[in-house]
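The values are calculated or read from the model by the stated rules, or taken from the named source; none is laboratory data. None of these values were measured; they are calculated from a predicted model. Neighbour counts run over all protein chains shown; Cβ positions are idealised from the backbone, glycine included. What goes into the accessible areas is simple: the full protein's heavy atoms, side chains included, and nothing from ligands, DNA or RNA. Shrake-Rupley method; radii C 1.70, N 1.55, O 1.52, S 1.80 Å.
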Amino acid sequence: MIPDPGIRRRIASRFSRAGDRIYIRGKLATDPVYTATANAIEGRRLPLLDIGCGLGLLGHYLHACDALDEYIGLDHDGRKIAQGRDAARRAGLGDAIALRETDAATPQGVRGHVAMLDVLHYLPRERQDELLAFAVDHLADDGVLILRNVIRDGSWRYRATVWEEKFIKAVGWIPGGAQYFPTEDDIRRVLEPRGIRVAFRPLFGRTPYNSWLMTATR
Ligand SMILES: C[S@@+](CC[C@H](N)C(=O)[O-])C[C@H]1O[C@@H](n2cnc3c(N)ncnc32)[C@H](O)[C@@H]1O
């Protein structure tokens, strides 16, 4: 399910920059990941830690769905954090949506659900295990870990994504660009020995990209 136009408009209107508003309306209209996350945590009301949160869109969306009380987003991009905070204040959600400008693996005093959407591949391969372990450390016993990432599997979608990431790097949207796309085994190898069961399913949306949704629980 895709958020209805009313929710999309309401969330976008909280952001002060026209470019962000256009991006958010398009993103919420085409990307099923926000609804997939709301569905994954339905009925388990816990705080949610969003690693690599960008503008904090997931927090705005989950609050609009009345899916949680507390959202903490981490991102090292100061511009996105400042814009997201400003938008949360405008919506009267300044206390409910906490956005922190920090590295993705900075320990937080919270355990609950954990989301990490389209982030892993921006870290070098040697840091990805650390970040997955960090996510597990912040997962409550009945929490859900929601990961979305491109998976390295040699498909045409995978190759299309590699080209898209080259473009994103060239325009400077994500400084540094993609470092390493993990395989399914790379992810299982970290999660399963920690007692985490993970289910993979494709989540391509209306894109040519090789995006997979992983929902994981203890
Ligand atoms: C493609 S965006 C995804 C944003 C958000 N998760 C979403 O789906 O709307 C990836 C985000 O990861 C952040 N990021 C990448 N490496 C990071 C790191 N080491 N520490 C914190 N944030 C990081 C980037 O700044 C960027 O905002």
Problem set entry | Theoretical FRET efficiency, 1/(1+(r/R0)^6), r = Cβ-Cβ of residue 95 and residue 207, R0 45 Å, to 0.05 | 0.85
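Might you report the magnitude of the Cβ-based charge dipole of the chain about its Cα centre, with Lys and Arg at +1 and Asp and Glu at -1, to the nearest 20 debye?
Working: 32 positive and 28 negative charges, 156 e Å.
It works out to roughly 760 debye.
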Exercise. Build a GNM of the chain with springs between Cα atoms under 10 Å: which of 169, 80, 27 gets the top mean-square fluctuation?
Worked result: 169
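Order of 137-147, 50-60, 10-20 by packing, highest average Cβ count within 10 Å first?
By packing density, highest mean first, the sequence is 50-60, 137-147, 10-20.
Counting only C-alpha contacts under 8 Å and six or more residues apart, can you give the relative contact order of segment 114-218 as a whole percent? Walk me through the intermediate numbers first.
Working: 166 pairs, mean separation 37.5, N = 105.
Taking the mean separation of contacting Cα pairs over the length of segment 114-218, I get 36 percent.
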Exercise. At a 1.4 Å probe, what is the % contribution of carbon and sulfur to the accessible area of segment 5-217?
Worked result: 50 percent
For this session: Please calculate the 1.4 Å probe accessible area of residue 183, with all protein chains present, and give it to the nearest 10 Å².
Result: 40 Å²
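DSSP beta bridges in the chain, what fraction antiparallel, as a percent rounded to 5?
On the way: 12 of 29 bridges.
Antiparallel bridges make up about 40 percent of those DSSP assigns within the chain.
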Seminar exercise, completed: Simple spin-label estimate for residue 130/residue 163, 7 Å along Cα→Cβ, in nm, reads 3.4 nm
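Counting other Cβ atoms within 10 Å, which chymotrypsin sites (Phe, Trp or Tyr not before Pro) in segment 158-218 have at most 13 and lie in a DSSP loop?
Working: sites: 158, 163, 167, 173, 180, 200, 204, 209, 212; in loops: 173, 180, 204, 209.
The qualifying sites are 173, 204.
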Exercise. Which whole-number percent gives the relative contact order of segment 5-217, counting Cα pairs below 8 Å spaced six or more residues apart?
Worked result: 19 percent
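Divide by every residue of the chain the summed helix terms, -39500 (n - 2.57) for each DSSP H run of at least 4, and state the resulting mean residue ellipticity at 222 nm, rounded to the nearest 500 deg cm²/dmol.
Working: 8 runs with 89 residues, N = 218.
Computed mean residue ellipticity for the chain: -12500 deg cm²/dmol.
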Exercise. Starting at 0 and stepping by 10 Å, how many percent of the alpha carbon pairs of the chain end up in each bin?
Worked result: 8, 35, 41, 15, 1
Exercise. If amide H atoms are built 1.01 Å from N in the plane of the peptide, which residues on other chains or at least 5 residues away come under 5 Å of the amide H of residue 117?
Worked result: 51, 148
